[in-house]
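Before any comments, here is the structure.
The values are calculated or read from the model by the stated rules, or taken from the named source; none is laboratory data. Because the structure is predicted, anything quoted here is derived from the model rather than measured. Counting neighbours? That spans all protein chains shown, and the Cβs are built from the backbone with ideal geometry, glycine included.
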Amino acid sequence: MGLRAAVAFVALSVAWPSLGQSPPSESTDARTGAGKKCETLQRRIAKEQSSLSSFDQTIATDQKGRESCSTKPMCARYDEAIKAMKSRKVEHEARLAKFKSDAAEACKSS
């Protein structure tokens, strides 16, 4: 009977290694969560900066097209596109500023 208990104990310790370990402390979980949040916000910042770069390229292309447009409707379309892209750019700049402030908070605590 003692041999069976020993075999069962070994089987359980191999099958469920986490049963023998103590759970991580709350401070470790908090630091890990803050680190993940910091990383997530850093990725968002990079994505917004890429988006802003794309807006700059699109605006430059549209302005170049606006300079060479030949008909009034075509020029009007370029003007509308430039206006829309500039307003979207302002929104994205605001989002980027918010992400940066959130990241500064999250990253300093990790």
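Looking at (1) surrounded by 12 or more Cβ atoms within 10 Å (Cβ to Cβ); (2) at pLDDT 85 or above, which is the one condition that is false for A34?
With (1) surrounded by 12 or more Cβ atoms within 10 Å (Cβ to Cβ); (2) at pLDDT 85 or above applied to A34, the lone miss is (2).
Taking A81 and the conditions (1) of a type in the set (G, A, S); (2) at pLDDT 90 or above; (3) exposed (fewer than 15 other Cβ atoms within 10 Å of the Cβ), which numbered condition does it fall short on, given that it satisfies the others?
With respect to (1) of a type in the set (G, A, S); (2) at pLDDT 90 or above; (3) exposed (fewer than 15 other Cβ atoms within 10 Å of the Cβ), A81 is out only on (3).
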